[in-house]
Amino acid sequence: MTPLETVNEELAKYEHPFFEFSAYPKGDEVELRIRSKVPDVLNPEYRITFSERDLKSTQFPWTFQRLLYSCLNDYIVELFTKSPMTG
């Protein structure tokens, strides 16, 4: 299985009503992108890169889930701290 297929297999387990997830090859690594489904969001996307070492770990599914939720939390915080409503 390629690194991109590994990440896409994990992504298939997750769906969110306000965010979309996608993965792209980035050399030997894979970049995960999180985008808001809400129109006119100021910060268009959040990115994290998984190394080949991360992807080959036997703990990758658990690590992926933990990082996905952490990234979502960070992305939401960024959205609200850059919002015109907060400042």
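Identify all residues within the stretch 59-74 that are open to solvent by 10 Å² or more (accessible area, probe 1.4 Å) and not β-branched (Val, Ile, Thr); write none if there are none.
Within the stretch 59-74, Gln59, Pro61, Trp62, Gln65, Arg66, Leu67, Tyr69, Ser70, Leu72, Asn73, Asp74 qualify.
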Quiz item: Among the residues of the stretch 49-87, which ones are among the hydrophobic types (A, V, I, L, M, F, W, C), at pLDDT 90 or above and farther than 15 Å from Asn8 by Cα?
Solution: Cys71, Leu72
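Return yes when Leu55 is touching a Ser or Thr at 6+ places or on another chain (Cβ under 6 Å) and either of a type in the set (A, V, I, L, M, F, W, C) or assigned to a loop (DSSP other than H, G, I, E, B) (or both) and no when it is not.
Considered against the rule, which asks whether it is touching a Ser or Thr at 6+ places or on another chain (Cβ under 6 Å) and either of a type in the set (A, V, I, L, M, F, W, C) or assigned to a loop (DSSP other than H, G, I, E, B) (or both), Leu55 comes out as yes.
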Exercise. Please enumerate the residues belonging to the stretch 1-27 that are in a loop (DSSP other than H, G, I, E, B), on the phi < 0 side of the Ramachandran plot and of a type outside the set (A, V, I, L, M, F, W, C).
Key: Thr2, Lys13, Tyr14, Glu15, His16, Pro17
Exercise. Sort through Val38, Val30 and tell me the only one that's open to solvent by less than 70 Å² (accessible area, probe 1.4 Å) and either part of a loop (DSSP other than H, G, I, E, B) or among the β-branched types (Val, Ile, Thr) (or both).
Key: Val30
Exercise. Determine if the stretch 29-37 includes at least one residue that is in contact with an Asp or Glu (Cβ under 7 Å, 6 or more places away or on another chain), β-branched (Val, Ile, Thr) and closer than 20 Å to Glu15 by Cα.
Key: yes
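The values are calculated or read from the model by the stated rules, or taken from the named source; none is laboratory data. Computed from a predicted structure; not experimentally measured. Heads up, the Cβs are rebuilt from the backbone with ideal geometry, glycines too, and the neighbour counts pull from every protein chain shown. Only protein heavy atoms, including side chains, enter the accessible area calculation; ligands, DNA and RNA are left aside. Shrake-Rupley method; radii C 1.70, N 1.55, O 1.52, S 1.80 Å.
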